[in-house]
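The values are calculated or read from the model by the stated rules, or taken from the named source; none is laboratory data. Not measured: the values here are computed from a predicted model. Glycine gets a Cβ as well: all are built from the backbone with ideal geometry, and neighbour counts include every protein chain shown. Ligands, DNA and RNA are excluded from the accessible area calculation, which covers all protein heavy atoms including side chains. Shrake-Rupley method; radii C 1.70, N 1.55, O 1.52, S 1.80 Å.
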Amino acid sequence: MKTIFYLLLMTFSFSLCAQNSAKLSGIEWQLEGKVINENYKEKDCLKTDEGVAIAKGVNFKNGTIEFNMCIQPGRGFAGIRFHGDGLANTEEFYIRKHQSGNPDAMQYSPVYNGNAGWQLYYGDGYGAAKEHVFDEWFKVKLVISGTRGEVYITEMEKPILVIHELKLGERDGKIAFYGPARFAGVKVTNLDSPELNGEFKEIVKADKEVIQKYKVSELFDMGALINENLLPANFVQKLRFKEFNTEADGLLNISQTGALGEKKNAVLLKIDITSETDLVKMMSFAFSDIAKIFVNGKAVWIGSDIYRSRDYRFLGTIGYFDSVYLDLKNGKNEVIVMVAENFGGWGFKARFENLNGVKLIY
C-alpha cells in the first residue's frame, strides 16, 4: 500500500538539484526525481523509477488521456495524476503491481496535501481486479467527464474501472506520470462532453442521522493528548477551528484540512449535541488511523487501525466497525474526537441509529 506523502519529501530534496526536462509524444515533460527518457522495446518512453514526470503546458479538464504503459514484477505503485498540480493536490489512478489478480490490483484515489486515501476509498468505484501483464507494453485510456471517469486497459470497448465520483469535483489541472513504470505514446484530447460507456451509480446524500459537518482544529502532535484521560481545556482553547462539510456519505477526508508534518499528525473534531434529558446514545463511527473520543471533557474510547498493526494482512481500511455509548446530559454536550494519521488515508465519519431526544448543532 502507499501514500504520496513520501514523494513530497523526495521532491523537496531533488529540487535542490537542477531540474531536467524531456520530450515525449510532442510534449515537454518536467522531470522530478529519478526519471529518464529512453527507448525500450522499440518505444520512446519515460522511465519513472522513483519520481514524477509532469506535462508542461498541458491543461486538462474533460476528455481522454491515452498512453502505453510497461511495468516489471515486484512491489510498486505506478500511474497517472490529473486535475491538480501533479504532486500534492490531484486525482490519481494507479496500478498495484504486486496485487495482480486481486480486487485492489488498481485504484482511484484523490490526493489532498500530499496524502493519498486508499484506506478511505475502496471497492466499487475505486478499485478493480486485473491480471497484470509484465514487461510488455499495454494501452491505458482514461475518459473524464465532469465528476465521473472511466479507465480502460487493453480492451477499449468496456471500462475496467468506473469512477462514480471524482472527489476533487469539476476542475482542470496538470497531467503527471509516476513509477516504477515506463510510459509512451501519450495522447491528450480535450472534449467538453466525452461519451461514457460504464454503469454509474447516483451519488446520494446521507440521511440526517449521519454527521455532515465538523469543526476541525489546526494540526498538532498526537502525543499531546494520547495519554490524557481528561481533555485539557487550555489546550483546546489555544487551537484554531474551521468548519468543514463532509462528502455525500458523511466521510470527512481530514487530509484536505492541512498537510502532515513533523509533530503535526492529529486534529480535533468538534461535535455539538443538544439532549432533551440525561440519556445514553450510541454513535457508530469509522476512522483512520487512530481515534480518541472525549465526551464533555472525559475520555470514553480509544482505538488504532494502523496498516498492519494487527497482522500483516490488516489493511486499516475505514468502515462503520466501531461504536461508543455517549453519556449525554440534559442540555448542550460537546463530543470531541482526536483523529491521528499514520499513512494511507486520514478520515472520520459517524452516525446515530436515530436522533430521538437529541439534536446535532451545526
Legend entry - Pairs of Lys in the stretch 37-98 closer than 22 Å at Cα, counting only those 8 or more apart or on different chains: 5
Inset, instruction - With label points built 7 Å along Cα→Cβ from the Cα atoms of Lys23 and Ser323, find their separation and express it in nm. - result: 6.5
Inset, instruction - Working from Cα positions, state the angle (0 to 90°, nearest 10) between the long axis of helix 5-14 and the longest principal axis of the chain. - result: 50
Inset, instruction - Give a residue-ordered list of calculated ³J(HN,Hα) values for the stretch 200-208 (Karplus: 6.51 cos²θ - 1.76 cosθ + 1.60, θ = phi - 60°; whole Hz; x for Gly, Pro). - result: 9, 8, 6, 7, 9, 6, 5, 5, 5
Inset, instruction - Return one whole number: the accessible area per residue of the chain in Å², for a 1.4 Å probe. - result: 45
Inset, instruction - Leaving ligands, DNA and RNA out of it, rank Trp137, Trp346 by accessible area with a 1.4 Å probe, largest first. - result: Trp137, Trp346
Legend entry - Rounded percent of accessible protein surface that carbon and sulfur make up, the chain, 1.4 Å probe: 47
Inset, instruction - Please list the non-local residues whose amide H lies under 5 Å from the amide H of Gly86, H modeled 1.01 Å from N, same-chain partners needing a gap of 5 or more. - result: Lys174
Inset, instruction - Quick one: what are the phi-derived ³J(HN,Hα) couplings along the stretch 132-140, Karplus 6.51/-1.76/1.60 with θ = phi - 60°, whole Hz, x for glycine and proline? - result: 6, 9, 10, 6, 9, 6, 9, 8, 10
Legend entry - Placed amide H near Asp221: partners under 5 Å, 5+ positions off or other chain: Asn265
Legend entry - Interchain or long-range residues, amide H under 5 Å from Gly316's placed H: Arg308
